[in-house]
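Below is one structure, written out as structure tokens; the observations come after it.
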Amino acid sequence: KTIYSGALTHIWNWEWYRQTKNTVTQLYLSGMTTARNAPQQAKQLVPVARSWIHPPVLSCKRGCRSRGFSKIQKAYVVKKTGSSILFKIAASKSSPLVNPAFVIQGWGKGKARIRLNGKVKVEGKKLRIGYESRGKATDLVVWMEQHSTSSVRVALTRR
């Protein structure tokens, strides 16, 4: 079997992620595809790059405080401040939402129910849920397969 491959070289943010007296750190995003028509398939990676370079704005509506989009994690970081969380992501064509990840700081070890635009999402291949310990605190980590160029609402409650 013949395998065809193509790659966009890395996409980078010209801004420095971190600078010290002796070093500069930049972040890069790489995209690859395997297809006979690699240049056409590579075009499908453009929304992924846009979602990282110009991520849509997340605004907390209830029970949280946004800590912004972390390019190093490719995730939105949200601090839990209430028992249930509701936030809106203002996706658009120029700032699409592509397979977002969320780090909910201070969630604890309790299971989560996630709703996207009012519909319950079921954990599985298209929704992954995990936990990350940070000393005495435990964060909820959520990844979902989701593509959108319009605003979405995400609600998280304990199960």
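The values are calculated or read from the model by the stated rules, or taken from the named source; none is laboratory data. Everything quoted here is computed from the prediction, not taken from an experiment. Using ideal geometry, Cβ is built from the backbone for each residue, glycine included, and neighbour counts are taken over all protein chains shown. Protein only, heavy atoms only, side chains kept; ligands, DNA and RNA dropped before computing areas. Shrake-Rupley method; radii C 1.70, N 1.55, O 1.52, S 1.80 Å.
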If you scan segment 68-88, which residues turn out to be within 11 Å of the chain's Cα centre (by Cα) and part of a loop (DSSP other than H, G, I, E, B)?
LYS71, ILE72, GLN73, LYS74
Pull up segment 77-88, narrow it to residues that are in contact with a Leu (Cβ under 9 Å, 6 or more places away or on another chain) and over 18 Å from PRO55 (Cβ atoms), then point me to the one that is most open to solvent (accessible area, probe 1.4 Å).
LYS80
Looking at segment 1-11, can you tell me whether even one residue there is assigned to a strand (DSSP E or B) and at pLDDT 75 or above?
no
Kindly indicate whether any position in segment 100-120 is over 16 Å from LEU156 (Cα atoms) and of a type outside the set (Lys, Arg).
no
Limited to segment 89-100, what total is found for residues that are surrounded by 17 or more Cβ atoms within 10 Å (Cβ to Cβ) and part of a strand (DSSP E or B)?
3
Between a first residue in segment 57-76 that is more than 17 Å from GLY106 (Cα to Cα) and of a type in the set (D, E, K, R) and a second residue that is open to solvent by 60 Å² or more (accessible area, probe 1.4 Å) and modelled with pLDDT under 95, which pairs have beta carbons less than 9 Å apart while being 6 or more apart in sequence or on different chains?
LYS71/TYR17
With the structure loaded, tell me whether VAL122 is open to solvent by 90 Å² or more (accessible area, probe 1.4 Å) and over 23 Å from GLU15 (Cα atoms) or whether it fails that test.
yes
Among the residues of segment 101-119, which ones are open to solvent by 70 Å² or more (accessible area, probe 1.4 Å) and part of a strand (DSSP E or B)?
ARG113, ARG115, LYS119
Among residues belonging to segment 81-106 that are free of Cβ contacts under 8 Å to residues at least 40 places away in the same chain and of a type outside the set (S, T, N, Q), point out the one that is nearest to GLN146 (Cα to Cα).
VAL103
How many residues of segment 127-136 are under 20 Å from LEU58 (Cβ atoms) and outside any strand (DSSP E or B)? The answer is 0
